[in-house]
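Since the structure comes first, as structure tokens, the remarks are kept for the end.
The values are calculated or read from the model by the stated rules, or taken from the named source; none is laboratory data. Here the structure is a predicted model, which means the values were calculated and not measured. Quick reminder, even Gly has a Cβ in these numbers, built from the backbone with ideal geometry, and neighbours come from all protein chains shown. We work out accessible area using only protein heavy atoms, side chains counted, and drop any ligands, DNA or RNA first. Shrake-Rupley method; radii C 1.70, N 1.55, O 1.52, S 1.80 Å.
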Amino acid sequence: NAGVMQNPRHLVRRRGQEARLRCSPMKGHSHVYWYRQLPEEGLKFMVYLQKENIIDESGMPKERFSAEFPKEGPSILRIQQVVRGDSAAYFCASSPPLGTSVYNEQFFGPGTRLTVL
Amino acid sequence: AQSVTQLDSQVPVFEEAPVELRCNYSSSVSVYLFWYVQYPNQGLQLLLKYLSGSTLVKGINGFEAEFNKSQTSFHLRKPSVHISDTAEYFCAVSAQFQGAQKLVFGQGTRLTINP
């Protein structure tokens, strides 16, 4: 059973370009979470999605950031018009459907390291 | 809302010595508690978790943690560390309710093992 997959692992963008980060959850998992890790900091929650639904986006910046988890295909975190401050590691986690256990453990992918020049 | 404080940003220890990484949390509701380890340029791996029951939790790689509700702490311990334990360790909490169970992380503690 493959783990959570993220691609690309490293992404370099110039200021003003768009960044697209992809996350394929573990097989059977229907929940996806995105976290951002700024240099020398812990992970900060960004958004929680189920298939075709955004459940909690309380950690998403109000502008330029969006996320989706379509019925088919991976979850996408999109950052438009990137700025240097967007340079960070972005981690995706997935968990199984609610009700399968008392707690839905989150399994993390290897992350995408975004560098904005 | 929940918050997590890891009291030490860096902890250097000698190989085979014991180590304790401290974690305190704040929450107005009951929480689940976790410790994750992050090796350089990798994702997070779950070391152990506290959901309910015994307050002493054993995890992988010889680590254990004790949940202390009165002190709102969840310190991580290992009686004898190895060079391979060099990594960043994150304490995290998640509120105990259905629905969005986002994790709130501490700032991390960098554990460095010296030979």
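Listed values, structure above:
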item: Checking residue A:38 against (1) under 10 Å from the mean Cα position of the chain (by Cα); (2) within 24 Å of residue B:107 (Cα to Cα), the condition it does not meet; result: (1)
item: Filtered residue count, region A:1-11, keeping only those that are surrounded by 15 or more Cβ atoms within 10 Å (Cβ to Cβ) and not in a strand (DSSP E or B); result: 2
item: Scan of region B:36-78 for residues that are buried (at least 18 other Cβ atoms within 10 Å of the Cβ), among the small types (Gly, Ala, Ser) and more than 14 Å from chain A (Cβ to nearest Cβ), ordered by number; result: B:65, B:73
item: Test: residue A:56 is in contact (Cβ under 8 Å) with a residue 40 or more places away in the chain, among the acidic types (Asp, Glu) and closer than 28 Å to residue B:6 by Cα; result: no
item: Exclusive hit being modelled with pLDDT of 90 or more, farther than 21 Å from residue A:108 by Cα and assigned to a loop (DSSP other than H, G, I, E, B), set B:71, B:107; result: B:71
item: Residue within region B:17-24 that is within 14 Å of another protein chain (Cβ to nearest Cβ) and surrounded by 19 or more Cβ atoms within 10 Å (Cβ to Cβ) present; result: yes
item: Scan of region B:78-109 for residues that are over 16 Å from residue B:15 (Cβ atoms) and charged (D, E, K, R), ordered by number; result: B:88, B:102
item: Those strands (runs of 3 or more DSSP E) lying entirely in region A:12-117 with at least 2 residues open to solvent by 30 Å² or more (accessible area, probe 1.4 Å); result: A:19-24, A:43-50, A:53-56, A:65-68, A:112-116
item: Count - residues of region B:25-35 that are free of Cβ contacts under 8 Å to residues at least 60 places away in the same chain and within 12 Å of another protein chain (Cβ to nearest Cβ); result: 0
item: Sole exception among (1) facing chain B (nearest Cβ under 10 Å); (2) closer than 23 Å to residue B:88 by Cβ for residue A:48, by number; result: (2)
item: Single condition residue A:67 does not satisfy, out of (1) more than 10 Å from the chain's Cα centre (by Cα); (2) within 14 Å of residue A:49 (Cα to Cα); result: (1)
item: Residue in region A:58-65 that is within 10 Å of another protein chain (Cβ to nearest Cβ) and under 21 Å from residue B:103 (Cα atoms) present; result: yes
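Here's the yes/no breakdown for (1) of a type in the set (Val, Ile, Thr); (2) closer than 20 Å to residue A:39 by Cα:
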residue: B:36; (1), (2): no, yes
residue: B:49; (1), (2): no, no
residue: B:72; (1), (2): yes, no
residue: B:77; (1), (2): no, no
residue: B:86; (1), (2): yes, yes
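Per-residue answers, yes or no, for (1) under 23 Å from residue A:45 (Cβ atoms); (2) modelled with pLDDT of 95 or more:
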{"residue": "B:31", "(1), (2)": "yes, no"}
{"residue": "B:43", "(1), (2)": "yes, no"}
{"residue": "B:49", "(1), (2)": "yes, no"}
{"residue": "B:65", "(1), (2)": "yes, yes"}
{"residue": "B:78", "(1), (2)": "no, yes"}
{"residue": "B:94", "(1), (2)": "yes, no"}
{"residue": "B:97", "(1), (2)": "yes, no"}
